[in-house]
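To start, the structure under review is shown below, and the notes come after it.
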Amino acid sequence: MDKTQLHTLASDFLEPLISGAKLQQESASSTTREALVGLADPCTLHFKAERKDTYRLVLRRSQPFERVNAGTVTESDVVEAFVKVVKGMKNGLTSWYQADLRATFPRRVVAKALCGNKEEEEAVLAAIDQLSAWGGQQYEGKPIPAAVGFLPGDFTGAVSFQEMCHEGFSAVVSNGFDTLLTCNFKGQVLGHETLGTPATAPQFAPYRLGTVAGWATDGRIALVLNRAGEILIFRDKELRFARRGGQWHFLTHAPVITQMGRPDNQAVRRAVYETCLDASFARTGACIGVVISNHAQDWRDIAVSEKDHMHPAQSVKTKFLAPVVGTRKFQNLDRRLRQEMVAIDGATLIDHKGTILAVGAILKIPGGSTGGGRLAAAQALSSLGVGIKVSQDGGITGFHDGNEEPKFIVM
């Protein structure tokens with residue numbers, strides 16, 4: 001395939017899909033013996049559209065790509081899905097209807113990455129399209145939340161999903177939180193499920209959608225439309241894809257926690273990441289700093305107002321929060337409390353063991369900082385160890401050591 005054409009398609013559709021990834025201008029030479037997609041190193045993926053191509057394009061990012069693991073969707077699977085979609089559309093991409101094909105590109109990559117065969121892909125595509133349609137509509141003056149779940153196995157239904165969706169009532173038979181419409185992968189409606197709260201909330205999914213995420217196991221796939229018009233797709237109890245602001249994103253979670261790198265305490269890292277996900281999809285935004293042991297005394301030079309410090313509690317805010325938190329560490333708090341705490345205007349600081357140092361803290365920002373206030377705050381906090389910005393539109397960006405270059409990016 002023509003290198004320029006593939007590079008353009010990858011720049012338009014693949015690079016935005018994989019958080020933090022950058023498509024390089026230079027390509028790597030390739031032989032017919034090499035796979036279409038392969039990891040050159042933990043942070044670099046090479047790919048081409050056809051075996052005969054003498055080049056492979058280079059996709060690189062600072063955080064490692066997830067290792068290929070049977071049964072788990074990884075970045076390599078997403079790139080392979082992209083390559084297959086390109087190959088299937090190759091002839092049409094130079095035709096008069098190429099604009100129509102390009103418009104369908106992202107959703108086809110998502111469905112192919114999730115599914116094992118063409119029939120499954122078409123069923124998931126139909127659900128994506130229906131949720132997209134509902135996302136632009138209202139029912140009795142209110143946004144439509146919904147959830148659709150696909151079950152593997154030899155189940156049959158009396159009506160098709162598309163037939164049912166021609167009826168107005170279909171928009172209100174699931175609530176997008178703890179009820180969902182169930183279908184088989186042939187696109188037939190099987191029924192309706194009301195979901196109980198899981199004993200343990202799935203780690204790599206927004207807390208508010210833990211019931212749906214917990215359902216999406218053993219080959220099941222769940223799609224959710226929330227009231228903000230976003231589409232979230234769950235598999236293996238994890239949030240795998242999200243469409244926000246019209247852009248699809250693929251999420252891998254464990255590599256982000258690894259790339260966070262600090263503190264050594266994995267429980268603290270996981271709790272911080274979970275809270276970032278929760279703040280992202282609650283649309284509250286957040287600014288979180290993790291103070292490593294080397295800077296145990298330095299954080300007070302950045303969080304300059306003692307009224308924001310948890311100990312000793314001097315303001316109404318900290319006098320309220322101190323007994324609520326008690327002696328518990330950040331990682332031991334209920335996720336809902338953590339999300340509400342980081343939603344308070346200002347920054348939340350914790351130490352390497354999870355002790356909460358300050359909440360809603362006003363920070364001393366170096367002069368000449370660029371970007372928004374939350375970005376500057378996260379970069380300033382990173383001089384203490386790790387600084388993380390969760391923007392109002394949901395993007396998560398982490399920094400180390402006062403550097404302006406992100407250490408990790410999610411969405």
Can you tell me what share of the DSSP beta bridges in the range 254-410 is antiparallel? A percent to the nearest 5 is fine.
85
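Compute, for the chain, the length of the dipole vector about the Cα centre, with Cβ point charges of +1 (Lys, Arg) and -1 (Asp, Glu) only. Units Debye, rounded to 20.
Using Cβ point charges on Lys, Arg, Asp and Glu, the chain gives about 540 debye.
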Below 8 Å between Cα atoms, with a sequence gap of 6+, how large is the relative contact order for the range 254-410 in percent?
31
Distance in nm between label sites at Phe169 and Lys3, each 7 Å beyond Cα in the beta-carbon direction?
6.0
5 angstrom amide H check on Thr182, placed H, neighbours 5+ away:
Gly149, Leu190, Gly191, His192, Glu193
Among Ser305, Leu321, Met260 - extreme Cα towards positive end, dipole of the range 254-410, charges at beta-carbon:
Leu321
The local net charge around Ala171, scoring Lys/Arg +1 and Asp/Glu -1 for residues other than Ala171 whose Cβ lies under 11 Å from its Cβ, equals -1
If R₀ is 45 angstrom, what is the calculated FRET efficiency for the pair Glu140 and Leu337, using the beta carbon separation as r and rounding to 0.05?
0.85
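Could you sort 277-285, 310-318 so that the peptide with the highest average Cβ count within 10 Å comes first and the rest follow in order?
Values: 277-285: 21.7, 310-318: 14.6.
Listed from highest to lowest mean packing, they are 277-285, 310-318.
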So for the range 3-109, averaging the separation of alpha carbon pairs under 8 Å that are six or more residues apart and normalising by length, what relative contact order in percent results?
23
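Sort 36-42, 92-98, 394-400, 214-220 by packing, meaning the average of other beta carbons within 10 Å per residue, with the highest value first. It would help to have the intermediate numbers written out before the result.
Values: 36-42: 16.1, 92-98: 11.4, 394-400: 22.3, 214-220: 17.9.
Result, highest mean Cβ count within 10 Å first: 394-400, 214-220, 36-42, 92-98.
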Between Phe155 and Asp301, what is the spin-label point distance in nm, taking each point 7 Å from the Cα along the Cα→C-beta axis?
6.0
Scan around Tyr139 for amide H atoms under 5 Å from its own, H built in the peptide plane at 1.01 Å from N, and keep only partners 5 or more places away or cross-chain.
Ile144
Spelling it out for Leu357: with amide H atoms placed in the peptide plane at 1.01 Å from N, the residues 5 or more places away or on another chain with amide H under 5 Å from its amide H are Leu349, Ile350, Asp351
For the peptides 159-167, 356-364, what is the packing order when you average, over each peptide's residues, the other Cβ atoms within 10 Å and list the highest mean first?
356-364, 159-167
Among (i) 17.8; (ii) 35.2; (iii) 22.6, the entry that matches mean projected area of the Cα convex hull in nm² as calculated here
(iii)
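Given a cut-off of under 8 Å on Cα pairs at least six residues apart, what relative contact order in percent is computed for the range 116-250?
For the range 116-250, the relative contact order is 24 percent.
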What does the extension gain come out to for Glu404 and Ala40, with contour length at 0.36 nm per residue minus their alpha carbon separation?
128.4 nm
Among Ser62, Pro42, His7 - extreme Cα towards positive end, dipole of the range 3-109, charges at beta-carbon:
His7
Cα centre as origin, Lys/Arg/Asp/Glu Cβ charges: the range 116-250 dipole, Debye
480
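State the antiparallel share, in %, of DSSP beta bridges confined to the chain, rounding to the nearest 5.
85
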P(r), alpha carbons of the range 3-109 - 5 Å bins starting at zero, rounded %:
2, 12, 24, 25, 20, 11, 4, 1
Would you mind calculating the gained length between Arg33 and Phe177 on full extension (0.36 nm times residue separation, minus the Cα-Cα distance), in nm to one decimal?
47.1 nm
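Computed from the coordinates by the stated procedures, all read-outs in this text should not be read as laboratory data. Since we're looking at a predicted model, the values are computed, not measured. Cβ sites come from the backbone with ideal geometry, for glycine too, and all protein chains shown count toward neighbours.
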